[in-house]
Amino acid sequence: MPARLAAWDGALRRLSADMSQLALKAWILPLGIRAEEAHLVLTAPTAFHAERVRTRYLAAIEGLLAAEAGSAIAVRIEVGSASVDAKEEPPRVIPIRASAVAHEPVEAPAGRAPIIRVAAAEPAAAQLTLPHTFETFVVGPGNALAREASLAVARGRALGAGPLFLAGPPGTGKSHLARAVVHEARSRGAQRAIYTSAEAFTSELMVSIREQETPSFRRRYRRECELFVLEDVQFLEGKNATQLELFHTVEHLRLVGSRVVLTGDRLPRELLRLDPRLASQLSSGLVAEMELPDRELRRDILRDRAARGGFRLPEDCLELLVDSVHGSVRDLEGALMQLVASAALLGRSIDRSLAEAALRKVAGPSGAALTPDDVIDSVAQFFGVRRADLASRSRRRATLRPRQLAMYLCRQYTSASLSEIGRALGRDHPAVANALRVVERAFLERAPLRYQLEELAARLDRKAGKRS
């Protein structure tokens, strides 16, 4: 069984490289997975979802599994819940981030016992050598609140009765801040801090239940903890037993005055398969959203990383990276590391031709050429509305939904900030942020919207491909 699950992890990495991210998020990531004697079983949330995966993606999945395992692996798709009973091992869920990360412990300073019990997943090879402190975190408008709130918690300031929740897409710096909290708290004398992931928390809970050691588990996470940092809360969706344990753990820590920091890729209310009590508890403190870096922040990050690495990054190369890599901080660091490693191995100085060659190896299929105008024009054409209608004050559904999708796709396909997207559509920053939340929520609930986004993504990919 482990071999089949390992083959799935490899197949998932290949799928993530071959599929558009919107299609991956719409149809593959919501699946659960478990291994049976002769099959891998993929569990879809609805019959419609199962049929879509069966007709559109099953052949590709089976081919990739066979390539990974060296022989055919039978796959069965069924409809069901991914929930887990307290007495059972949790089913494997498909977290795209977890399949591609390494696990590294955080070291304690010399002469002091380790305060971080459970090793956490390193976000990317490009970040492994970076110290995770507040001093190395580059601040911009999209992450300033999260940084200040994290620093306040690390220094013992109360932010209210509830926990601090850092929310944002992968690669926005949540892990950096979470680890910086532990680092700062330790430097100020904290002796009982725990840093772990939701996946590790779940696994440890299940082991304690199986071995009848839950009192020891609870003592460690409650009575012996003055700072609790838990990453990737979205992993707990559908895991009812772990959610209940986390709810009581956070409640106990709140009552005794311990500090709690959690991270997730969405706002607590957008984690649709969280128990309502837990979602409410996670929202009861300060929720700080983190955005993908805009153009100015990308430039600042590159300059900071170059300075810390002790190498010179010519201005034209810096601007090329800024214009070409529109995703997460992780994507940006990956491109920079590719460039630096290429220069070192080839014995060359960094110049534009080397930067262009490095970018061809790491740039995504969507390229870097699309602008908000490109996206808005494509959306208007798809829905048969005028561009002026999308920028109007109309709230009619015929223009409201296309406008929201245009904002969402601008965020996915361009380097524009929320304010820039808003200006292109006659709106302000909060209106764009709200539209992104609306689309993310509806994306999970409404299959027709997934079809529309998938088709629009394909059109935008083709448009970008023609320019690259």
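The values are calculated or read from the model by the stated rules, or taken from the named source; none is laboratory data. All values derive from a computational prediction rather than experimental measurement. FYI the Cβ positions are ideal-geometry reconstructions off the backbone, even for glycines, and counts take in every protein chain you see.
Within region 223-239, track down each residue that is assigned to a helix (DSSP H, G or I) and touching a Pro at 6+ places or on another chain (Cβ under 9 Å).
Within region 223-239, 233, 234, 235 meet the criteria.
Has region 40-56 got any residue that is hydroxyl-bearing (Ser, Thr, Tyr), in a loop (DSSP other than H, G, I, E, B), within 25 Å of the chain's Cα centre (by Cα) and modelled with pLDDT of 50 or more?
yes
Quick one: count up the residues across region 304-349 that are hydroxyl-bearing (Ser, Thr, Tyr) and surrounded by fewer than 19 Cβ atoms within 10 Å (Cβ to Cβ).
Final tally of qualifying residues: 2.
Only one of (1) without any contact (Cβ under 8 Å) to a residue 24 or more places away in the chain; (2) part of a helix (DSSP H, G or I) is not met by residue 212, so which one is it?
(2)
Please report, ordered by residue number, the helices (runs of 4 or more DSSP H) entirely within region 256-336 with at least 3 residues that are over 30 Å from residue 353 (Cβ atoms) and touching a Leu at 6+ places or on another chain (Cβ under 8 Å).
Ranges flagged: 276-283.
Being β-branched (Val, Ile, Thr), under 15 Å from residue 217 (Cα atoms) and assigned to a helix (DSSP H, G or I) is the filter here; which residues of region 168-206 pass it?
Of everything in region 168-206, just one residue is β-branched (Val, Ile, Thr), under 15 Å from residue 217 (Cα atoms) and assigned to a helix (DSSP H, G or I), namely 202.
Tell me which of these residue 259 doesn't satisfy, since it passes every other one: (1) among the charged types (D, E, K, R); (2) within 25 Å of residue 195 (Cα to Cα); (3) surrounded by fewer than 20 Cβ atoms within 10 Å (Cβ to Cβ); (4) at pLDDT 90 or above.
(3)
Being over 18 Å from residue 192 (Cα atoms) and either modelled with pLDDT of 75 or more or surrounded by 14 or more Cβ atoms within 10 Å (Cβ to Cβ) (or both) is the requirement here; does residue 153 meet it?
Against the criterion (over 18 Å from residue 192 (Cα atoms) and either modelled with pLDDT of 75 or more or surrounded by 14 or more Cβ atoms within 10 Å (Cβ to Cβ) (or both)), residue 153 does not qualify.
Got at least one residue in region 375-394 being within 29 Å of the chain's Cα centre (by Cα), assigned by TED's automatic domain parsing to the domain that holds residue 300 and surrounded by fewer than 17 Cβ atoms within 10 Å (Cβ to Cβ)?
No, region 375-394 contains no residue that is within 29 Å of the chain's Cα centre (by Cα), assigned by TED's automatic domain parsing to the domain that holds residue 300 and surrounded by fewer than 17 Cβ atoms within 10 Å (Cβ to Cβ).
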